[in-house]
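**Q** Structure incoming, see below.
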Amino acid sequence: MDVAATGTPRWKARRVEEPIVTVIRRWLNLAVSDLKRHTVAAVCYGIALCAAGWVTLLLLWHFDLEWALLPILAGGMLVGPLATIGLYGMSRGGQDGGTAEVASPEQIILIGIILMVFALAWIRAATLIFAIFFGLLPFAGFVEAMATLLSSPQGIATIVVGSVFGGLFAALGFAISVFSIPMLVDRKIDCFSAMGLSFNATTHNFRLMISWAAVVCAGILIGLLTGLLGLIIIFPLLGFATWHAYCDLFKGARA
């Protein structure tokens, strides 16, 4: 546990004054080092995520639920950080002889439930937005629905409104989870305090965290465009980098 000169735990994140590019490059360089150190385990994590994605796609196709693909992808972004817990443990175990054990496992379960409810709320909101503009019409198919969304006034309006609401869900989910989950791996703290500290760190380093969120989204987009295969490397790389972002802001650990 990080302890200040007074002997009390240091909880509040520091405000980063360095250039954004320098900070993000440092996090990624440290992540690459972790990836080299834990190559087999990290790649297994990536393969598991890729396999889970393909199983989800096959189930949606089998049960004629293609309409839920986009909302589920967005919801997965909200709960995705939970899948990186093992990666945080690897990075933590490799720092200064630390342990890979999770400090607050019961609180991680609680935050997982909160994020799951959050994701389900977004999926329900996305369904309602679609119904507002198109009514309760039968789903014509994924390709046909995408063509309608991109070529009709109702479709454009659905995309705009859905993007606004989805962005709000994503921004709040990112702010409360980006540092709270690694914090719960590292420290004994309740999940609500961890979420509050994560939100505070995000807002106090707003430009930096917006840039980091853009890097994460770009990485995930590359993974999606490669048929999820790119996530085999990108997923653990982003997980390791997020751990080092937490250490940088909350523990002052830098390269």
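**Q** In region 191-255, which helices (runs of 4 or more DSSP H) lie fully inside it and hold 3 or more residues that are over 22 Å from I108 (Cβ atoms) and free of Cβ contacts under 8 Å to residues at least 60 places away in the same chain?
**A** Helices (runs of 4 or more DSSP H) meeting the threshold: 206-225.
**Q** Quick check, is I176 open to solvent by less than 40 Å² (accessible area, probe 1.4 Å), closer than 22 Å to L87 by Cα and in a loop (DSSP other than H, G, I, E, B)?
**A** No, not satisfied.
**Q** Is one or more of the residues making up region 204-216 under 13 Å from A13 (Cα atoms) and in contact with a Lys or Arg (Cβ under 7 Å, 6 or more places away or on another chain)?
**A** Checking region 204-216: at least one residue is under 13 Å from A13 (Cα atoms) and in contact with a Lys or Arg (Cβ under 7 Å, 6 or more places away or on another chain).
**Q** Let me ask you something else. Checking A214 against (1) surrounded by fewer than 20 Cβ atoms within 10 Å (Cβ to Cβ); (2) within 21 Å of I72 (Cβ to Cβ), which single condition isn't satisfied?
**A** (2)
**Q** Let me ask something else. What are the pairs, 6+ residues apart or on separate chains, where a residue within region 94-117 that is assigned to a helix (DSSP H, G or I) has its Cβ under 6 Å from a residue that is modelled with pLDDT under 90 and of a type in the set (A, V, I, L, M, F, W, C)?
**A** Partner pairs satisfying both residue conditions: G112/L82; L115/L78; L115/V79; M116/V79.
**Q** Still on this structure: Within region 44-70, track down each residue that is aromatic (F, W, Y) and assigned to a helix (DSSP H, G or I).
**A** Y45, W54, W61, W67
**Q** OK, next. Looking at A103 and the list (1) surrounded by fewer than 16 Cβ atoms within 10 Å (Cβ to Cβ); (2) at pLDDT 85 or above; (3) of a type outside the set (D, E, K, R); (4) farther than 19 Å from L69 by Cα, which single condition is not satisfied?
**A** (1)
**Q** For region 15-43, which positions are within 16 Å of G93 (Cβ to Cβ) and assigned to a helix (DSSP H, G or I)?
**A** L30, A31, S33, D34, L35, K36, R37, T39, V40, A41, A42, listed by residue number.
The values are calculated or read from the model by the stated rules, or taken from the named source; none is laboratory data. Given the structure is predicted, the values throughout are model-derived calculations rather than measurements. Positions of Cβ are generated from backbone atoms using ideal geometry, with glycine treated the same way; all protein chains shown enter the neighbour counts. Note: accessible area is taken over every heavy atom of the protein model, side chains too, but ligands, DNA and RNA are not part of it. Shrake-Rupley method; radii C 1.70, N 1.55, O 1.52, S 1.80 Å.
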